[in-house]
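Just below is one structure, and these are the notes that go with it.
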Amino acid sequence: MDVVPVVPEEWSTEPFAADIVGEGADAAIHARGAIDDKGALVAILEAVEELVTAGFTPAHDVYLAFGHNEETMGDGAEAIVGLLRKRGVRPALVLDEGGAVVDGVIPGVTVPTAMVGVAERGVMTLELTAREAGGHASTPPDFPATARLARAIDRLHRRPFPTRLVPPVRAMLATVAPHAPQPLRALFSSLGLTGPLVAAIFGRLDPEMRAIVRTTAVATRLRGAPGDNVLATSASASVNIRLLTGDTVADAMDRVRRVIADPEVEVTLAHGSEPSPVSPWRGEAWRRIAGAVTRALGEEVVTTPYLQLGASDSRWFTAISDHVYRFTPFHLTRSERDALHAHNERIRVDVWLRGIGFYRELISAG
Ligand SMILES: [Zn+2]
């Protein structure tokens, strides 16, 4: 199974040695993939082995599906789904990596929350290109391609997509409302009235909260002249856009064109996938997950739907199941979550063992 690369010099341990550092409750496995996603991989296999060893026979078929190249947007999961579809398999519940058990992520909420992704945003990349005849950098034209491109990027940056509360986010706030202090409790309990206000407030908080209330767009790659003394005949930027539930690739493209308001900047779609369908947060599949959280991770943990911000392999599975959930059963601190895709990725041994318990409960629940 793949993991993202490492920069070994940034790590305080050998990134692929899986050293256990610390004692007692602080003992943690330090390794690339400890959380994302080998931690879950091994926890699932461990849970299944324990059940098999104990002679457990599940009431329903259980498929273990591990894509090998998720981090590079690879084709592994797509191939798995293709095969399952050919065999006519329609899973009653799909669980992929996703939200963790976290503290203090939702403003005002102090109880630990199990963040179960019921949907994920779409992802697309637009190419913005400005062109000109070119020439020598010593005699630049009045408005070179690079300046035109910069103006387009600046306009995009100044006019972000509007904020709104989409159904999974409404459901999340309604779920945690009883655990929030006033006046947040009142705000979260009457979103029919307060929704636009809450969306506007979240739109000004940290990047995670901002991203659950709006489609986001950011210029990621810039290209210009091949040398520093030539004019760029074409200057281009890749703009990475993450689409909120309800938005479409076509809508976003229209809006970008409108905001840039410059017919000389060509806007083309490099690739795009629409936001995922939304899985329900009631019914049998949901209860199974919430029950396993309570039994394995603690009575005090509140299981809540949420909108997953990053893209995962789960998007392929929505083609064969209406009940696709994104949850990683590890109780993580802020700094542990920050180590994902960064240096010093680690998981506390205790937390990992409880995660195994979650998978065991999920599979064996009656
Ligand atoms: Zn990852």
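Which one, A177, A200, A79, has the greatest fluctuation when you compute a Gaussian network model over the chain with C-alpha springs under 10 angstrom? Largest GNM mean-square fluctuation: A79.
Full extension of the segment from E274 to A137, taken as 0.36 nm per residue of separation minus the current Cα-Cα distance, would add 45.2 nm. Based on the reciprocal of the average 1/r between different C-alpha atoms, the Kirkwood radius for the range 156-213 equals 11.7 Å. Among rounded, prolate and oblate, which fits the range 263-366 when a ≥ b ≥ c are the square roots of the eigenvalues of its C-alpha gyration tensor, a/c under 1.5 means rounded, and a/b larger than b/c means prolate? Because a/c hits 1.5 or more and a/b fails to exceed b/c, the range 263-366 counts as oblate.
Over all Cα atoms in the range 138-189, the spread is summed up by Rg and Dmax: 22.0, 66 Å.
Taking the longest Cα principal axis of the chain as reference, the axis of helix 76-86 is set at about 60 degrees.
The chymotrypsin sites (Phe, Trp or Tyr not before Pro) of the range 48-89 that DSSP puts in a loop, and whose beta carbon has at most 14 other beta carbons within 10 Å, are F56, Y63. Kirkwood radius for the range 196-283, taken over all pairs of different Cα atoms as the inverse mean of 1/r, rounds to 15.8 Å.
Looking at the calculated P(r) for the range 171-327, what percent of the C-alpha pair distances fall above 25 Å?
Working: 6029 of 12246 pairs.
Value for the range 171-327 (Cα pairs over 25 Å): 49 percent.
Model label sites at A200 and I20, defined 7 Å from Cα along the beta-carbon direction, differ in position by 5.4 nm. Computed log10 I(q)/I(0) for the range 184-238 at 0.24 Å⁻¹: -0.92, from the Debye equation with unit scatterers placed on every C-alpha and solvent omitted. Calculated on the Cα set of the range 51-189, radius of gyration then Dmax: 24.7, 80 Å. Shown here for the range 25-107: trypsin sites (Lys or Arg not before Pro) in loop regions (DSSP other than H, G, I, E, B) with at most 12 other Cβ atoms within 10 Å, namely R87. Taking all protein chains as shown and a probe of 1.4 angstrom, R90 keeps an accessible surface of around 140 Å². When Rg and the Kirkwood Rh are both derived from Cα coordinates, the Rg/Rh ratio for the range 1-115 amounts to 1.02.
Equivalent-ellipsoid semi-axes for the chain (Cα gyration tensor, √(5λ), whole Å, largest first): 40, 25, 21. Residues whose amide H lies under 5 Å from that of L243, counting only those 5 or more places away or on a different chain, are G122, V123, M124; hydrogens are built 1.01 Å from N in the peptide plane. If only the Cβ of Lys and Arg carry +1 and only the Cβ of Asp and Glu carry -1, the dipole of the chain around its Cα centre is close to 1520 debye. Axis angle, to the nearest 10 degrees, between helix 145-158 and the longest C-alpha principal axis of the chain: 40 degrees.
Relative to the longest principal axis of the Cα atoms of the chain, the long axis of helix 284-297 lies at roughly 70 degrees.
The values are calculated or read from the model by the stated rules, or taken from the named source; none is laboratory data. Small disclaimer: the values here were computed from a predicted structure and weren't measured. All Cβ positions, glycine included, derive from the backbone under ideal geometry; neighbour counts span all protein chains shown. When the accessible area is computed, the model is the full protein with side chains, heavy atoms only, and any ligands, DNA or RNA have been set aside. Shrake-Rupley method; radii C 1.70, N 1.55, O 1.52, S 1.80 Å.
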